[in-house]
Amino acid sequence: MKKTTYSISELAAEFDITTRSIRFYEDQGLLAPERRGQTRVYSKQDRVRLKLIMRGKRLGFSLAEIRELFALWDETASGSEKQLRLLLDKIAEKRAELEQQLKDIAMVQLELDSAETKCRDALDDLIEQQKQQGADA
């Protein structure tokens, strides 16, 4: 049977993050655990939200974007056309950013290849000059 509540340390261990990170997400309004005295008590919904935060971060979404998606999701439990269209727009934006990053990486690799070739050629020339000077001496 799945647990119905979780402590901050249990969630931190499960998602391999610090308790400080979880408190930060709470401060950002992304999580809202119950309080029993000073103790935070996280629900199954909080656990799912934390899982979605972690997934969103892995996909490159900012916390502001994640908050925006959560706010829309909180409006209707089953999801709406507005939510789904926003998510599709965000996915398209991330895809475009990644495509640009791939192009940028490919360009840097070409520049590194060129610089490496020039360095190797210069080194070969230097070694050849040193050999000729040694032979002339």
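Miscellaneous remarks
- Ser62 vs. criteria surrounded by 12 or more Cβ atoms within 10 Å (Cβ to Cβ), in contact with a helix residue (DSSP H, G or I) (Cβ under 9 Å, 6 or more places away or on another chain) and not basic (Lys, Arg): no
- Within the range 20-40, the residues that satisfy the criterion of being farther than 16 Å from Arg55 by Cα and either outside the structural domain of Phe70 (by TED's automatic domain parsing) or surrounded by 15 or more Cβ atoms within 10 Å (Cβ to Cβ) (or both) are Arg23, Glu26, Pro33, Arg40.
- Criterion: small (Gly, Ala, Ser) and under 28 Å from Ile22 (Cβ atoms) - qualifying residue of Ser62, Ser114: Ser62
- Scan the range 44-67 for residues that are basic (Lys, Arg) and within 10 Å of the chain's Cα centre (by Cα) and the total you get is 3.
- Answer residue from the range 80-137, given it is of a type in the set (Asp, Glu) and closer than 30 Å to Glu65 by Cα and is surrounded by the most Cβ atoms within 10 Å (Cβ to Cβ) among those: Glu93
- Residue list for the range 1-19, restricted to those being surrounded by 14 or more Cβ atoms within 10 Å (Cβ to Cβ), aliphatic (A, V, I, L, M) and more than 17 Å from Gln45 (Cα to Cα): Ile17
The values are calculated or read from the model by the stated rules, or taken from the named source; none is laboratory data. Given the structure is predicted, the values throughout are model-derived calculations rather than measurements. Ideal geometry is used to build each Cβ from the backbone, glycine not excepted, and the neighbour counts take in all protein chains shown.
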